[in-house]
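Engineer: For reference, the structure I am asking about is given below.
The values are calculated or read from the model by the stated rules, or taken from the named source; none is laboratory data. Only a predicted model underlies this, so the values are computations on that prediction, with no experimental measurement involved. Don't worry about glycine lacking a Cβ; one is built from the backbone with ideal geometry, like all the others, and counts go over all protein chains shown. Ligands, DNA and RNA are excluded from the accessible area calculation, which covers all protein heavy atoms including side chains. Shrake-Rupley method; radii C 1.70, N 1.55, O 1.52, S 1.80 Å.
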Amino acid sequence: MSSSTARALANLALVKYFGKRDVTLNLPAAGSLSLTLEPLSTTTAVTFDTSLEWDCIQLDGEDAPTGFAERVIRFLDLVRTTVDTQCFARVTTQNSFPTAAGLASSAAGFAALAVAATTALGQQLTPRQLSVLARQGSGSACRSISGGISVWQAGKRADGEDSFATAIAGPDWWDLRVVIGITDAGPKSIGSTAAMEQTRRTSPFYGQWIETVNRDLVAAGEAVKSKRFEQLGAIAEHNALAMHAAALAARPAIVLWNGATVEALKRIQQLRADGIPAYFTCDAGPQPKALCLPADEDDVALTLADVPGVQSTIRCRIGGAPTLV
Ligand code: PMV
């Protein structure tokens, strides 16, 4: 028997990954840039045990739903192939935040699983190898491996070996805050892969969206390096709205927001008009997220909490790479 437990953090893309050049390997059509979010964590324990007759997957204290368990088993198969073992595993995974509600639970989940499973099998992978591996579980998970402020390069190779994330800044480079409004803690209406594929196939704006990402990625990287907050925030807000615009124009339309999400966007824009630099972003779910500076975090959290339909808020700062527990 061999065990290992790892803790990994979720991440929030300011320049989004939304479109694949290869669905099986999770290869993106363009790069992306994210902040790693402390304290949104997943802790995963993996035990390879020769007495098991199949993989046993638990999520938040219960047997995992079929779809989730199948993704985990596919990922374990990938890890098993690289070390040439057929040993089954017991996987217990615990999220510190709502699962599958557009809070990047799959990013933290597959980053923690990649670290715990390979460590349990005695493999010592480099951060780049871990990022390539985690990417195959869930694209955005490759950015949770590098931590801090990360850039995932799209890469060009068909085998995806050049498609991994690296940190362009550590967790202490810049004290930025993210406030998340929870408007619906239930599962997402559409999975991110389905949403991306439908947008790629049918949205007339998909091509422009990818061009926008390529431009935003360069500008956002420069804003991080020179710590220009208003530049970074403006890029992030525009990038999120462009992603949603492309999805809205798909057939059938992909509407990922609810009324509270839209109201939150307006309140954050009003906050800015009142002199507080805060910027809206949102992923493939209805939770509004606000990027701000530490001095404004209380005002931003109060503003989001005051939006009808926002049930609670979560405050995050930038965290690091996964750790073994
Ligand atoms: O890693 P996935 O397949 O769940 O994709 C995540 C996609 C977005 O959250 C919408 C954007 C991003 O870059 O994280």
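Engineer: Can you report the number of residues in segment 212-228 which are of a type in the set (S, T, N, Q) and touching a His at 6+ places or on another chain (Cβ under 9 Å)?
Structural biologist: Pass one, segment 212-228, residues of a type in the set (S, T, N, Q): 212, 214, 226.
Checking which are touching a His at 6+ places or on another chain (Cβ under 9 Å) leaves us with 212.
Result for segment 212-228: 1.
Engineer: Exactly one of (1) surrounded by fewer than 23 Cβ atoms within 10 Å (Cβ to Cβ); (2) within 22 Å of residue 237 (Cα to Cα); (3) of a type outside the set (A, V, I, L, M, F, W, C) is unmet by residue 11. Its number?
Structural biologist: Tallying (1) surrounded by fewer than 23 Cβ atoms within 10 Å (Cβ to Cβ); (2) within 22 Å of residue 237 (Cα to Cα); (3) of a type outside the set (A, V, I, L, M, F, W, C), residue 11 fails exactly one: (1).
Engineer: Checking the structure you have, find out if any residue of segment 215-226 is touching a residue at least 24 places away in the same chain (Cβ under 8 Å) and out of contact with any strand residue (DSSP E or B) (no Cβ under 8 Å at 6 or more places or on another chain).
Structural biologist: Initial filter on segment 215-226 (touching a residue at least 24 places away in the same chain (Cβ under 8 Å)): 216-217, 220-221, 224-225.
Subsequent filtering for residues that are out of contact with any strand residue (DSSP E or B) (no Cβ under 8 Å at 6 or more places or on another chain) retains none.
The answer is no; no qualifying residue exists.
Engineer: If you don't mind, another one. Select from segment 14-56 the residues that are more than 28 Å from residue 237 (Cα to Cα) and of a type in the set (Asp, Glu) and write down the one among them that is surrounded by the most Cβ atoms within 10 Å (Cβ to Cβ).
Structural biologist: Residues of segment 14-56 more than 28 Å from residue 237 (Cα to Cα): 24-25, 43-56.
Pick out the ones that are also of a type in the set (Asp, Glu) and you get 49, 53, 55.
Values: 49: 13, 53: 6, 55: 18.
Across segment 14-56, the extreme among qualifying residues is 55.
Engineer: So which residues in segment 199-211 are crowded, with 18+ Cβ neighbours inside 10 Å and part of a helix (DSSP H, G or I), if there are any at all?
Structural biologist: Our first condition is that a residue be crowded, with 18+ Cβ neighbours inside 10 Å; within segment 199-211, this holds for 199-200, 203, 206, 209-210.
The answer is 199, 200, 206, 209, 210.
Engineer: Take residue 24 and tell me if it is of a type outside the set (Phe, Trp, Tyr), without any contact (Cβ under 8 Å) to a residue 24 or more places away in the chain and within 16 Å of the ligand (Cβ to nearest atom). Walk me through how you get there before you give the answer.
Structural biologist: Details: of a type outside the set (Phe, Trp, Tyr): yes; without any contact (Cβ under 8 Å) to a residue 24 or more places away in the chain: yes; within 16 Å of the ligand (Cβ to nearest atom): yes.
In short, yes.
Engineer: List the pairs whose first member sits in segment 104-127 and is open to solvent by 20 Å² or more (accessible area, probe 1.4 Å), whose second member is modelled with pLDDT under 95 and in a helix (DSSP H, G or I), and whose Cβ atoms are under 6 Å apart, counting only residues at least 6 apart or on separate chains?
Structural biologist: Qualifying pairs under 6 Å: 121/83.
Engineer: Quick one: would you say residue 193 is open to solvent by less than 40 Å² (accessible area, probe 1.4 Å), hydroxyl-bearing (Ser, Thr, Tyr) and outside any strand (DSSP E or B)? Before you say what the answer is, go through the steps one by one.
Structural biologist: Values: open to solvent by less than 40 Å² (accessible area, probe 1.4 Å): no; hydroxyl-bearing (Ser, Thr, Tyr): yes; outside any strand (DSSP E or B): yes.
No, not satisfied.
Engineer: So residue 307 fits all but one of (1) over 15 Å from residue 177 (Cα atoms); (2) without any contact (Cβ under 8 Å) to a residue 40 or more places away in the chain; (3) away from the ligand (no atom under 16 Å from the Cβ); (4) surrounded by 15 or more Cβ atoms within 10 Å (Cβ to Cβ); what number is the exception?
Structural biologist: Among (1) over 15 Å from residue 177 (Cα atoms); (2) without any contact (Cβ under 8 Å) to a residue 40 or more places away in the chain; (3) away from the ligand (no atom under 16 Å from the Cβ); (4) surrounded by 15 or more Cβ atoms within 10 Å (Cβ to Cβ), the lone unmet condition for residue 307 is (2).
Engineer: Of the residues 247, 295, which is surrounded by 15 or more Cβ atoms within 10 Å (Cβ to Cβ) and not basic (Lys, Arg)? Can you show your working first?
Structural biologist: Working: 295 fails: surrounded by 15 or more Cβ atoms within 10 Å (Cβ to Cβ).
The unique qualifying residue is 247.
Engineer: Moving on. I'd like to know if segment 136-148 contains one or more residues that are in a loop (DSSP other than H, G, I, E, B), surrounded by fewer than 18 Cβ atoms within 10 Å (Cβ to Cβ) and within 16 Å of the ligand (Cβ to nearest atom).
Structural biologist: Of all residues in segment 136-148, those in a loop (DSSP other than H, G, I, E, B) come to 138-140, 147-148.
Retained after the next criterion (residues that are surrounded by fewer than 18 Cβ atoms within 10 Å (Cβ to Cβ)): none.
No, segment 136-148 contains no residue that is in a loop (DSSP other than H, G, I, E, B), surrounded by fewer than 18 Cβ atoms within 10 Å (Cβ to Cβ) and within 16 Å of the ligand (Cβ to nearest atom).
Engineer: Any chance you could count how many residues in segment 30-48 are among the small types (Gly, Ala, Ser) and more than 11 Å from the ligand (Cβ to nearest atom)?
Structural biologist: Here is the first cut: in segment 30-48, the residues among the small types (Gly, Ala, Ser) are 30-32, 34, 41, 45.
If we keep only those that are more than 11 Å from the ligand (Cβ to nearest atom) as well, we get 41, 45.
Result for segment 30-48: 2.
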